Amino acid sequence: MDSVFGLTPIDAALSAYGLNCSGQLSDFLFIQTRIGLVAFAIGFFWSLWQSTQEGNFKHFIVFLCISIVGGLLFIAPRCQEPAITSAVEIYNLNTNSKNTALSIKNSQTDIHTMPLILSFIEGMANVITIGIISILDNGLDKNIKFLAQPFGLQKLSLQANQFIHAPLADVQLREDVDNFIYAYYLPSLIMYQNTMSSKASSLADLHQYSPGELNISQWADLKGRLSILINNPAQQSRDVNHLSSSPWPQIKTILTQANFLRGNPQKDLDDQIMASIIRGRIENKSQGSWDAAGAIQTAFPYISGWACFCLYAVFPFLMLALVVVRQMSLFFRYLEAFVWIKSLNLCAAFSFYVSLIVARMQAQSMQGSNWFWDYPYYVVVASVILCLMPVLVLVGIRRGVGELVG
């Protein structure tokens, strides 16, 4: 059975890689070279001298305990690397049988041994965090479960937003859409505005009206062509640097099935999508804040993964320092970092669940379903909380460890 080493294939691979490096560095420091022996000798004589000066063997006993416990539990015992995987690969039923986490890890190193105790602690930490998240996921629709695809819902909104603003790959369709906008759609909006009172909205506010609502006769043919564009999942419809297929079939499924979207007015989704595409051609750019939010969510697995890598790779140096200086505060700082880094997945899940609450509020307060791709404020909320939660958790952990040490 595969062992879960992380939330996504990226951080699972980097965690396993860090454990491999920890074993190799331990061998280098304590077996292959004399660095460990020198550190042991320094710690031995220093602790013996301190004990002699103070008239008790407290320092020497602490040195012996650290040396014996560190050597017997953390340095010497090794285990073969299990068949690592990630929670996403287990809980996402849409993934194939290929173990992506193991493939990524093996592309970095051919080492397959780990420190036994560290590997066990890593597994237990993941059992706890993934178990908590899976319990919270039970009440969600299968299309929006966090473990199935972390921030998948948010990324789908951003993908749709990029789809709307990206250039049309079909040159003829692009020319026809532009001609329709400037020859028929914008003039119709201006005429509609002129028929309204002096308190009429600005032209930009009138973009919410779809061509069909303005009864533009030339819209019928173009609507049919755009309908094919958005309903074909394999349609190569956009600039290849942005998207390779239409996200709208998946979005329609979520809008139809996910519980938090059922409060939306039953308005034709195709009309809303095509109206957004027309507005996107006029605005010709996406919101930078949403792009930044997407970048934060995309970078999260790498940040979490490299943090785990550093956590395990630095452990042999921690043992080396403990043997020499015998300051348990170093161990508590490491423990503090361990708990904090392993809590990052819970922070990510919390930000995801809070953003779902905001999404429900948007679904109830905004007309239509186009908020999901035109105004995905809930995506920004998820990224802001994702940045704030680790800071708050770190403050809480440091206070807790401080009270424990004090």
For this session: Kindly indicate whether C387 is touching a residue at least 40 places away in the same chain (Cβ under 8 Å), surrounded by fewer than 17 Cβ atoms within 10 Å (Cβ to Cβ), more than 14 Å from S157 (Cα to Cα) and under 15 Å from the mean Cα position of the chain (by Cα).
Result: yes
Seminar exercise, completed: When the range 337-384 is checked residue by residue, the ones that are within 17 Å of the chain's Cα centre (by Cα) and polar (S, T, N, Q) are S343, N345, S351, S355, S383
For this session: Could you tell me whether the range 166-173 includes any residue that is part of a helix (DSSP H, G or I), modelled with pLDDT of 85 or more and surrounded by 20 or more Cβ atoms within 10 Å (Cβ to Cβ)?
Result: no
For this session: Would you kindly identify the helices (runs of 4 or more DSSP H) lying entirely within the range 1-101 that contain at least 3 residues that are buried (at least 18 other Cβ atoms within 10 Å of the Cβ) and among the hydroxyl-bearing types (S, T, Y)?
Result: 9-27
For this session: Within the range 125-156, track down each residue that is at pLDDT 90 or above and among the polar types (S, T, N, Q).
Result: N126, T129, S134, Q154
Exercise. If A363 satisfies every condition in (1) aliphatic (A, V, I, L, M); (2) surrounded by 17 or more Cβ atoms within 10 Å (Cβ to Cβ); (3) closer than 13 Å to Q154 by Cβ but one, which is the exception?
Worked result: (3)
Exercise. Modelled with pLDDT under 75, of a type in the set (A, V, I, L, M, F, W, C) and either surrounded by fewer than 17 Cβ atoms within 10 Å (Cβ to Cβ) or over 26 Å from D170 (Cα atoms) (or both), is that true of A258?
Worked result: yes
For this session: Please work out if A125 is within 30 Å of Y312 (Cα to Cα), in contact (Cβ under 8 Å) with a residue 40 or more places away in the chain and assigned to a helix (DSSP H, G or I).
Result: yes
Problem set entry | V354 buried (at least 22 other Cβ atoms within 10 Å of the Cβ), in the same structural domain as N143 (by TED's automatic domain parsing) and within 25 Å of A87 (Cα to Cα) | no
Seminar exercise, completed: The residue that is farthest from A166 (Cα to Cα), considering only those in the range 358-374 that are touching a helix residue (DSSP H, G or I) at 6+ places or on another chain (Cβ under 7 Å) and in a loop (DSSP other than H, G, I, E, B), is G368
For this session: Kindly indicate the residue of the range 145-182 that is free of Cβ contacts under 8 Å to residues at least 12 places away in the same chain and of a type outside the set (K, R) and also farthest from D221 (Cα to Cα) among those meeting that condition.
Result: G152
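The rows are residues; the columns are (1) at pLDDT 90 or above; (2) in contact with a Phe, Trp or Tyr (Cβ under 9 Å, 6 or more places away or on another chain).
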| site | (1), (2) |
| --- | --- |
| F315 | yes, yes |
| V325 | no, yes |
| S329 | no, no |
| S343 | yes, no |
| A348 | yes, yes |
| I357 | yes, yes |
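The values are calculated or read from the model by the stated rules, or taken from the named source; none is laboratory data. For clarity, every value in this text was computed on a predicted model and none was experimentally measured. Counting neighbours? That spans all protein chains shown, and the Cβs are built from the backbone with ideal geometry, glycine included.
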